[in-house]
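Asks: One structure follows; several queries about it will come next.
The values are calculated or read from the model by the stated rules, or taken from the named source; none is laboratory data. Only a predicted model underlies this, so the values are computations on that prediction, with no experimental measurement involved. A quick note on method: Cβ atoms are made from the backbone with ideal geometry, for glycine too, and the neighbour counts reach across all protein chains shown. Just so you know, the surface numbers come from the protein's heavy atoms only, side chains and all, with ligands and any DNA or RNA stripped out. Shrake-Rupley method; radii C 1.70, N 1.55, O 1.52, S 1.80 Å.
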Amino acid sequence: MAKLFRSITVTQTVGGRQQGEGSLVGLMADLTQTHQIAQFQNKREDKDNGKEKEEERDMAPPTNQIHRSSSRPQLDVSGAAIQGNFEERNPTILLPNQSDDISHLALDLGGSLIKLVYFSRHEDQPADDKRKRRMKEKLGFSNGTRRYRILGGRLHFVKFETSKVNECLDFISSKHLHRGGKDSPSWHSGSSAGENDTVIKATGGGAYKYADIFKERLGVSLDKEDEMDCLVAGANFLLKAIRHEAFTHMEGQKEFVQIDENDLFPYLLVNIGSGVSMIKVDGDGSFQRVSGTNVGGGTYWGLGRLLTKCKSFDELLELSQRGDNRAVDMLVGDIYGGMDYSKIGLSASTIASSFGKTISDNKELSDYRPEDISLSLLRMISYNIGQISYLNALRHGIKRIFFGGFFIRGHAYTMDTISFAVHFWSQGQAQAMFLRHEGFLGALGAFMSYEKHGLDDLMAHQLVERFPMGAPYVGGKIHGPPLGDLNEKISWMEKFVQKGTEIIAPVPMVQPGTTGVGGFERPSSRGDSLRSDASTLNVGVLHLVPTLEVFPLLADPKAYEPNTVDLSDHGELEYWFTVLKDHLPDLVDKAVASEGGTEDAKRRGDAFARAFFAHLTRLMEEPAAYGKLGLANLLELREECLREFQFFDAYRTIKQRENEASLAVLPDLLMELDGLNEEARLLSLIEGVLAANIFDWGSRACVDLYHKGTIIEIYRMSRKKMQRPWRVDDFDMFKEKLLGSGEKKAKPHKRALLFVDNSGADVVLGMLPLAREFLRRETEVVLVANSLPAINDVTANELPEIVAEAAKHCDILRKAAEAGGLIVDAMINIQDSPKENSSSVAPLMVVENGCGSPCTDFRQVSSELAAAAKEADLIILEGMGRALHTNFNARFKCDALKLAMVKNQRLAEKLVQGNIYNCVCRFEPAC
């Protein structure tokens with residue numbers, strides 16, 4: 001089922017409102033300033049724009065790149081995003097801040113394939129958020145300057161066979177890419193002025209060979225960029241900027257590698273196109289071509305076409321899946337009567353001579369199976385490339401080799417064969433690695449060669465990958481840009497289901513055989529076979545957001561691993577597959593209800609269910625298909641899928657109802673708490689947080705509870721069952737830290753970050769009273785909430801209204817909210833009530849965390865949260881997603897309290913060795 005789900009795109013960035021600043025050089029030259037201010041930028045008056053532009057032009061640093069056309073418009077990748085196909089391995093890059101009519105097309109015209117990288121706009125205007133403006137002021141952010149009005153865009157990746165260059169030209173012409181695209185102002189105005197002056201960046205030999213055709217057909221000139229410059233620029237960018245761009249592939253097992261950019265160089269880049277170039281890369285712009293071979297992808301395709309009559313490279317590659325090379329390759333056993341040549345360590349199954357058996361066979365070409373010929377040819381060339389690559393790496397003292405180029409195509413056996421060759425000849429000392437964007441290195445480098453690119457300084461934490469459905473996938477090719485119209489998406493999903501059985505029919509397995517040359521064995525793989533799609537990488541939407549940062553309070557950011565649950569464990573993946581699948585019908589019901597239960601909502605709900613189930617099925621077939629996923633990624637995948645079908649808050653009505661019910665009883669709870677002494681009140685507050693955390697619509701056990709009582713009845717029941725000691729019980733340690741011991745009073749914390757979880761009782765009856773306690777101790781409190789909805793989690797946009805309602809009954813909350821900028825003008829109407837004794841109250845603030853998942857990944861948080869964290873000396877993580885599923889083992893530079901009620905039996909057994917509804921109160925002093 002999952003193989004046909006290919007591509008419906010989501011273009012919303014993290015938080016849905018990310019903004020950026022400046023041109024590429026401006027952005028990269030002052031990345032620190034940009035990533036702090038970009039998310040908080042607001043529209044300025046038109047009269048200020050001219051001055052801002054003039055000032056920024058004066059401040060922009062010069063570029064020292066190769067020849068640039070100064071007349072070309074500017075490319076702005078601040079706050080950008082990369083979007084990719086579901087089936088193809090190459091993503092589309094979103095550029096949300098681009099406004100100039102850039103020359104937005106770059107080409108790599110190779111001997112076998114033409115690769116295009118082109119830009120299209122995406123108009124996703126950010127909200128003018130008053131809360132964010134107030135937080136910017138509180139946390140000391142500057143408005144900075146903005147060069148462009150906020151627009152959006154994507155970088156698309158498309159390929160054509162070079163022999164079909166006219167199809168490529170038709171494609172460019174149909175989308176008006178040579179005229180700024182259909183979304184450009186010049187196109188809408190009908191103007192063709194300057195068309196004959198258009199210059200497109202291009203690399204590869206075809207940039208010379210086909211220059212006249214492009215001029216004649218499209219009226220454009222090709223500005224030729226050096227091929228090696230582009231290859232290296234593209235590879236360096238991907239390896240430094242994209243987390244898990246590189247991976248190894250041995251014996252059918254895929255493992256993603258995160259490379260420290262400080263330890264990236266030197267490396268050997270082996271680009272396998274029609275021929276093979278081997279480039280020693282020593283740094284940015286520092287490289288030399290050290291070797292190559294004329295036996296490459298063109299050799300495989302050319303000989304394969306002659307020998308098998310295949311009409312395309314992909315057809316030839318698919319043919320190899322059904323091959324058995326023993327029919328044509330001469331093995332050691334063929335020479336020695338089925339015996340090994342043990343004296344020199346060669347087994348009987350080792351290939352002694354590729355195609356050697358055909359010498360003695362009295363057969364014609366037509367007597368051999370094309371499948372066997374294709375497989376033998378593939379292994380022969382792959383081993384040859386792997387061996388030559390290692391010998392060059394050995395010559396230059398390099399142990400890291402990256403393979404790219406369209407010869408590989410994410411093909412499992414090709415990668416296994418190359419990896420085996422490198423491992424065999426190096427005796428395990430060298431390692432072959434592959435790139436997810438392998439075929440577009442040159443085209444990406446050419447695109448970056450436009451003036452003001454400056455992509456190199458982007459960091460992995462500024463990229464967030466999403467996996468929506470992509471563009472229509474028909475006949476082995478991606479046709480056109482990603483689908484944007486919702487009706488198209490839904491219709492495509494419905495057609496997909498109808499054709500699913502035909503599309504996902506099992507691919508014939510590779511028959512047991514041998515491979516290799518000069519001592520190679522056949523690389524083993526799971527089940528002695530590899531499916532044709534076993535290593536297909538689905539590259540998702542990669543949102544490039546300069547406003548994401550590493551959380552500054554992590555004790556050791558490099559060692560930090562957010563996910564407590566390891567989805568590489570098949571048992572874990574299978575368990576969560578079942579959990580999410582079983583929860584799907586209830587989720588669809590809530591999503592449809594949130595949209596009024598209309599027929600349109602029902603149709604979208606059905607499409608969402610099919611799409612998300614397809615994602616789950618794909619992951620069960622190939623767990624590494626989407627890269628290295630943790631539980632946090634899997635849960636956010638579900639939320640992205642909901643948003644893709646325009647369910648932006650599936651639990652909206654439920655959250656509103658639960659907030660109202662909880663706020664109604666809050667005054668009585670606060671009065672009860674105020675009647676307790678200090679120690680009893682603190683215990684009651686922690687018990688309240690744990691009890692209120694039972695309200696979680698993401699838990700099947702809790703959903704069942706909702707049918708047995710009201711929100712208040714369940715809360716009271718939960719409080720009554722709070723028996724210490726809890727499963728993890730560090731309350732006494734936390735109490736001593738907060739209150740001191742004996743005569744020694746504790747020093748109050750300066751600022752506490754409270755990571756809130758669910759709406760309703762969880763935040764209103766649990767976390768708000770706890771926040772109030774810190775406020776009365778003169779500790780600044782920052783409530784940290786999701787940027788986007790996830791199940792029934794409260795969001796940063798919802799919290800100010802909740803706080804304002806709660807403040808009607810509490811003077812402490814009112815004064816703190818006013819001090820923190822949450823309550824302005826006449827947002828609340830304070831009832832006549834006795835003023836509480838709170839002569840000095842610290843501010844109460846709200847910031848967003850930068851994500852839309854029930855979990856928190858501290859490698860990628862909003863600049864808003866990172867700024868708030870710099871003065872914090874206490875963090876409280878509340879809820880299963882934030883404190884157990886992720887971050888249970890995380891250590892911080894400040895005091896940390898982790899609170900959660902366990903509502904998942906498997907997690908209870910594996911993590912806390914307890915039972916469902918056990919409680920976790922884990923306190924860790926600052927590292």
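Asks: Hey, any idea what % of the stretch 196-297's accessible area is carbon plus sulfur with a 1.4 Å probe?
Replies: 40
Asks: Based on the mean of other beta carbon atoms within 10 Å per residue, what is the order of 865-871, 785-791, most packed first?
Replies: 785-791, 865-871
Asks: Further question on the same structure: May I ask which of LYS655/LYS808; LYS201/LYS399; LYS309/LYS357; LYS164/LYS224; LYS136/LYS815; LYS240/LYS489 have a Cα-Cα span longer than 23 Å here?
Replies: Table pairs above 23 Å Cα-Cα are LYS201/LYS399; LYS240/LYS489.
Asks: OK, next. Tell me whether the stretch 263-307 comes out rounded, prolate or oblate; compute the Cα gyration tensor, take square roots of the eigenvalues as a ≥ b ≥ c, and use a/c under 1.5 as the rounded threshold.
Replies: It is prolate, given that a/c is not under 1.5 and a/b is the larger ratio.
Asks: Quickly work out the ASN262-to-ARG724 label distance, labels modelled 7 Å from Cα along the C-beta direction, and quote it in nm with one decimal.
Replies: 4.4
Asks: Could you pull the Cα extents of the stretch 580-698 along its three principal axes, largest to smallest, in whole Å?
Replies: 57, 37, 19
Asks: Could you give the length gained on full extension between GLU255 and GLU621, defined as 0.36 nm per residue of separation minus the Cα-Cα distance, in nm?
Replies: Result for the pair: 130.2 nm of gain on full extension.
Asks: Compute the distance in nm between two label points, each set 7 Å from the Cα along the Cα-to-Cβ direction, one at SER741 and one at THR653.
Replies: Distance between the two pseudo-spin positions: 5.4 nm.
Asks: Test of understanding: what is the full-extension gain from ASP340 to LYS209, defined as 0.36 nm times their sequence separation minus their Cα-Cα distance?
Replies: Gain on stretching ASP340 to LYS209: 42.0 nm.
Asks: Using the alpha-carbon centroid of each, what span in Å lies between the stretch 602-651 and the stretch 374-436?
Replies: About 34 Å separates the Cα centre of the stretch 602-651 from the one of the stretch 374-436.
Asks: Please list 245-257, 731-743 highest first by mean number of surrounding beta-carbon atoms within 10 Å per residue.
Replies: The most tightly packed comes first, giving 245-257, 731-743.
Asks: A further question on this structure: Roughly how much of HIS423 is accessible, in Å² to the nearest 10, using a 1.4 Å probe?
Replies: Spelled out: HIS423, probe radius 1.4 Å, area about 90 Å².
Asks: Turning to a different aspect of this structure: How do TYR210, TYR413 stack up against each other in accessible area, from largest to smallest, with a 1.4 angstrom probe?
Replies: These residues rank, largest area first, as TYR210, TYR413.
Asks: Can you tell me the length gained on complete extension of the stretch GLU678 to LEU391, counting 0.36 nm per residue apart and subtracting the Cα distance?
Replies: Stretched out fully, the GLU678 to LEU391 stretch lengthens by 96.1 nm.
Asks: Further, regarding this structure: Largest first, what is the accessible-area ranking of ASP649, ASP668 with a 1.4 Å probe?
Replies: Result of the area sort, largest leading: ASP668, ASP649.
Asks: Another question, if that's okay. Go through 349-357, 763-771, 283-291 and give me the packing order, highest mean Cβ count within 10 Å leading.
Replies: With the highest mean Cβ count within 10 Å placed first, the list reads 763-771, 349-357, 283-291.
Asks: Between ASP556 and VAL290, what FRET efficiency comes out of the Förster formula 1/(1 + (r/R0)^6) with R0 = 41 Å and r the beta carbon distance, rounded to 0.05?
Replies: 0.65
Asks: Right, next: With +1 on the Cβ of every Lys and Arg and -1 on the Cβ of every Asp and Glu, and nothing else charged, how large is the dipole of the stretch 756-827 about its Cα centre, in debye rounded to the nearest 20?
Replies: Dipole magnitude for the stretch 756-827 comes out near 240 debye.
Asks: To the nearest 20 Debye, how big is the dipole of the stretch 558-611 about its Cα centre, given +1 on the beta carbon of each Lys and Arg and -1 on that of each Asp and Glu?
Replies: Its charge dipole is roughly 240 debye.
Asks: What shape does the stretch 271-417 have by the C-alpha gyration tensor, where a ≥ b ≥ c are the square roots of the eigenvalues, rounded means a/c under 1.5, and otherwise prolate means a/b greater than b/c and oblate the rest?
Replies: Verdict is oblate for the stretch 271-417.
Asks: Okay, moving on. When the solvent-accessible surface of protein heavy atoms is calculated with a 1.4 angstrom probe, in what order do GLU644, GLU778 fall, highest first?
Replies: Final ranking, largest accessible area leading: GLU778, GLU644.
Asks: Let me ask something else about it. Hey, can you grab everything whose amide H is under 5 Å from the amide H of VAL257? Only 5+ residues off in sequence or another chain; H modelled, so Pro and N-termini drop out.
Replies: ALA246, PHE247, THR248
Asks: Work out the FRET efficiency for LYS311 and MET671 from their Cβ-Cβ distance, taking R0 = 56 Å, and round it to the nearest 0.05.
Replies: 0.10
Asks: Going toward the positive end of the dipole of the stretch 779-821, with +1 on Lys and Arg Cβ and -1 on Asp and Glu Cβ, which of VAL781, LEU799, CYS810 do you reach last?
Replies: Result: CYS810, furthest along the dipole toward the positive end.
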